[in-house]
1. Would you mention how many residues in region B:40-61 are assigned to a strand (DSSP E or B), at the interface with chain A (Cβ under 10 Å from one of its Cβ atoms) and out of contact with any Lys or Arg (no Cβ under 8 Å at 6 or more places or on another chain)?
2. Residue by residue through region A:102-113, note down the ones that are out of contact with any Ser or Thr (no Cβ under 7 Å at 6 or more places or on another chain) and either open to solvent by less than 50 Å² (accessible area, probe 1.4 Å) or polar (S, T, N, Q) (or both).
3. Restricting attention to region B:1-26, which residues are within 13 Å of another protein chain (Cβ to nearest Cβ), open to solvent by 40 Å² or more (accessible area, probe 1.4 Å) and of a type outside the set (Val, Ile, Thr)?
4. Would you mind finding the one in A:97, A:127 that is in contact with a Phe, Trp or Tyr (Cβ under 7 Å, 6 or more places away or on another chain) and surrounded by 22 or more Cβ atoms within 10 Å (Cβ to Cβ)?
5. Identify, by number, the condition in (1) of a type in the set (A, V, I, L, M); (2) within 9 Å of the chain's Cα centre (by Cα); (3) open to solvent by 30 Å² or more (accessible area, probe 1.4 Å) that residue B:52 doesn't meet.
6. Considering only region A:69-103, state which residues are closer than 15 Å to residue B:65 by Cα and within 11 Å of another protein chain (Cβ to nearest Cβ).
7. Wholly within region A:187-246, which helices (runs of 4 or more DSSP H) include no fewer than the required count, namely at least 1 residues that are among the aliphatic types (A, V, I, L, M) and within 20 Å of residue A:175 (Cβ to Cβ)?
8. Which members of region B:6-52 meet the condition of being farther than 22 Å from residue A:90 by Cβ and either free of Cβ contacts under 8 Å to residues at least 24 places away in the same chain or among the hydrophobic types (A, V, I, L, M, F, W, C) (or both)?
Amino acid sequence: MLKIGNHEFSSRLLLGTGKFPDFDVQKEAVNVSGTEILTFAVRRMNIFDPEQPNFLEKLDASKYTLLPNTAGAKTAEEAVRIAKLAKASGLCDMIKVEVIGDFKTLLPDPVETLRASEILLNEGFTVLPYASDDVLLAKKLEDLGVHAIMPGASPIGSGLGIINPLNISLIVEQATIPVIVDAGIGSPADAALAMELGADGVLLNTAVSGAEDPVKMAKAMKLAIEAGRLGYEAGRIPKRRYATASSPLEGMSV
Amino acid sequence: MKLIVNGNTMEVARVQTVDDLIKELKLAGKGAIVELNEEILNKSQHAETVLANGDKVEIVHFVGGG
């Protein structure tokens, strides 16, 4: 079970909803992934287009726990405003704090992320900050009382996978709250590695929505995350520099 | 009455409340979230909140994102 604040989930895959080719593919991919948590963004409505699709209706959002993000925010104050707008929908109390400090790398601003998380905790939100893979930052966020910490594997949408597995494992080791590896996952192997490192979950989006076959990739990610988790729980063998025979060395018939 | 909605200045007739405005824009039932003069309104406040000339209204909703 993955426990975040007052919420409990059996799936450890959190799926973003951006950039799918169309709503039908998205719906099918979401179904197949087995996810129980969907992320999305808050944006201005087009007030001149009454025909614009209702995102939530297309997905039957009532079946999922909604995790809005504060993407687009550059400061803590902007993130807090977006979080409050999302909560005013009456549909969710969780917020993915995302304060981007640099628009080339899309790396999160640690200082503003910390500030925004503190304000939102005081406002009663269930707070999941997206952060860089800095071990001390993760600790400081946990000390504030956030409900999960979401270190990035690599820059958003890069598909580079986990570029600092040591940091992710150190964050996992010190954490007493869920660690969800968020951003940069490219392949099922990346997702499995995150879970083998002891992460409690993986949040991904482009790896599925941008795949040649998003529905098939959604299934692959589901299986990879399950496999990685089982592997972590099972406890892998230590790495050795030389061979150790699997078959008995005694009793050879010569 | 003149309103600034999502940065657009518009003249609306027959609109009194936030709910009226959402209906006028044909956005009812589409998950509109409203901020009036930088104050965020809960859904339950839409029907009772009366608009005034020159009000600044932001209407947002959920879109795909990661």
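The values are calculated or read from the model by the stated rules, or taken from the named source; none is laboratory data. Since the model is a prediction, treat every value here as computed from it, not as a measurement. We place every Cβ from the backbone using ideal geometry, glycine too, and count neighbours over all the protein chains shown. Ligands, DNA and RNA are excluded from the accessible area calculation, which covers all protein heavy atoms including side chains. Shrake-Rupley method; radii C 1.70, N 1.55, O 1.52, S 1.80 Å.
1. Summing the residues that are assigned to a strand (DSSP E or B), at the interface with chain A (Cβ under 10 Å from one of its Cβ atoms) and out of contact with any Lys or Arg (no Cβ under 8 Å at 6 or more places or on another chain) in region B:40-61 gives 1.
2. Selection gives A:105, A:109, A:113.
3. B:7, B:8, B:23, B:24, B:26
4. Result of the check over A:97, A:127: A:97.
5. Residue B:52 satisfies every listed condition except (2).
6. A:69, A:70, A:71, A:72, A:82, A:83, A:86, A:96, A:98
7. A:188-196, A:214-234
8. Within region B:6-52, B:7, B:8, B:9, B:10, B:11, B:12, B:13, B:14, B:15, B:24, B:52 meet the criteria.
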